[in-house]
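To start, the structure under review is shown below, and the notes come after it.
The values are calculated or read from the model by the stated rules, or taken from the named source; none is laboratory data. Note that the structure is a prediction, hence the values are computed from the model and not measured. No Cβ is skipped: glycine too gets one built from the backbone with ideal geometry, and neighbour counts run over all protein chains shown.
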Amino acid sequence: MAVRFAGLIAALVAGTLSSLPAAAQSVAEFYKGKTIRLVLPTAPGGSTSLYGLLIAEHFPKHIPGNPAVVAEYRVGAGGVVAANYVYNAAPKDGTTITMLIAGLLTQDTQPDAVRYDAAKFSYIGRASDLPRAFVAWHTSGIATIDDARRREVALGASGQGSLSTIHPALLNELYGTKFKVINGYSGAGTTYLALERGEIDATTVAWEGLVAQHSDWLRDGKIKVLATIGSRRFTGYEKVPNMINLGKTEEDKALLAYAAHFADFGQALAAPPDIPEDRLQALRQGFDDLMKDKAFIDAMSAKNVDLNPMTGADLQAFVVRMAQRSPKIAARLRALAGE
């Protein structure tokens, strides 16, 4: 009996010890030899892709265990396809992250397509804000935003309910512009080509992407900047109006400010909800360290793009705060999106 009892105790001890490595597995042990997928929601060639690829290259050395980071593209519905996937279908263990561009705004403008709550993503950090601008090709005859109130202006956009359609729709309603939105331009590259060919007169662009890829257009006056979107002021374009200030009433300005909030959300990394807290904190710390990495900073500078970081905790608080929009704002955005 004593021998049998001693054997039982030995088995229990052995079982307990064998379970300890899994229970006490460190972040470094988890990530060692693994690959983190960075899901990019836009087509190659735009600013989000640019930031994403550079982050994928330099991020691994700042994550415990030094996992590889590999970018993949899931394009569609203004970022909703990627956001839905990461929120619902991707592993919630810290091995899938995304550059989230479909957020609070798309919850109002594409409610039937959205399968996520933007405030519940696990935010890792922001590399930079993402100011945008309304721009027109120099041969279009449109040089200012007021010119777009005088005649119809063909404006290239990605798809119904996307930011590129909502912003001109807002200005049409609130400022009297006459943008005719033409959907179907899936990325910055195709939109820029359409401008050059004269297929469209204008579009909205991510400022960093424009500067990185076509600074010569700005230098040579081939692009006319009509209005800016976001809180950042562009050097040399301080007299260009900001979209928020084109609202005629305080209610209109509040609506425009909410529609522009994503520009301050910017080029941000997020993971699905409910990933293990120690891995989220490790990813946040690694991201903060990446933002101070000289090699990464030099690589960004070589591409003519800026860094304007925000910590994951601050970004989480920002998104939660912006989620407290009024029902009236949400209703007006749904109406503009045709919902």
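Here are the numbers for this structure:
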{"quantity": "Leading residue by the ranking (surrounded by the most Cβ atoms within 10 Å (Cβ to Cβ)) among those in segment 305-338 that are in contact with a helix residue (DSSP H, G or I) (Cβ under 7 Å, 6 or more places away or on another chain) and part of a loop (DSSP other than H, G, I, E, B)", "calculated": "Val305"}
{"quantity": "Verdict on Asp298 being farther than 19 Å from Arg132 by Cα, in a helix (DSSP H, G or I) and either assigned by TED's automatic domain parsing to the domain that holds Asp146 or touching a helix residue (DSSP H, G or I) at 6+ places or on another chain (Cβ under 7 Å) (or both)", "calculated": "no"}
{"quantity": "When residues of segment 141-180 are limited to those that are modelled with pLDDT under 90 and within 16 Å of Thr228 (Cα to Cα), the one surrounded by the fewest Cβ atoms within 10 Å (Cβ to Cβ)", "calculated": "Ser164"}
{"quantity": "Residue count, segment 75-133 (criterion: over 26 Å from Asn242 (Cβ atoms), among the basic types (Lys, Arg) and buried (at least 19 other Cβ atoms within 10 Å of the Cβ))", "calculated": "0"}
{"quantity": "Looking only at segment 226-282, and only at residues there that are more than 23 Å from Leu104 (Cα to Cα) and aliphatic (A, V, I, L, M), the one that is surrounded by the most Cβ atoms within 10 Å (Cβ to Cβ)", "calculated": "Leu226"}
{"quantity": "Given (1) aromatic (Phe, Trp, Tyr); (2) farther than 27 Å from Thr191 by Cα; (3) touching a His at 6+ places or on another chain (Cβ under 9 Å), number of the condition Phe134 does not satisfy", "calculated": "(2)"}
{"quantity": "Of all residues making up segment 125-149, the number that are under 21 Å from Gly266 (Cα atoms), aliphatic (A, V, I, L, M) and more than 12 Å from the chain's Cα centre (by Cα)", "calculated": "2"}
{"quantity": "Any hit, segment 178-192, residues being over 20 Å from the mean Cα position of the chain (by Cα) and in contact (Cβ under 8 Å) with a residue 60 or more places away in the chain", "calculated": "no"}
{"quantity": "Any hit, segment 84-91, residues being within 13 Å of the chain's Cα centre (by Cα) and modelled with pLDDT of 95 or more", "calculated": "no"}
{"quantity": "Out of Ile63, Ile55, sole residue that is assigned by TED's automatic domain parsing to the domain that holds Gly33, within 29 Å of Ala323 (Cα to Cα) and crowded, with 17+ Cβ neighbours inside 10 Å", "calculated": "Ile55"}
{"quantity": "Filtered residue count, segment 57-73, keeping only those that are under 29 Å from Leu210 (Cβ atoms), over 15 Å from the mean Cα position of the chain (by Cα) and either at pLDDT below 95 or among the aliphatic types (A, V, I, L, M) (or both)", "calculated": "2"}
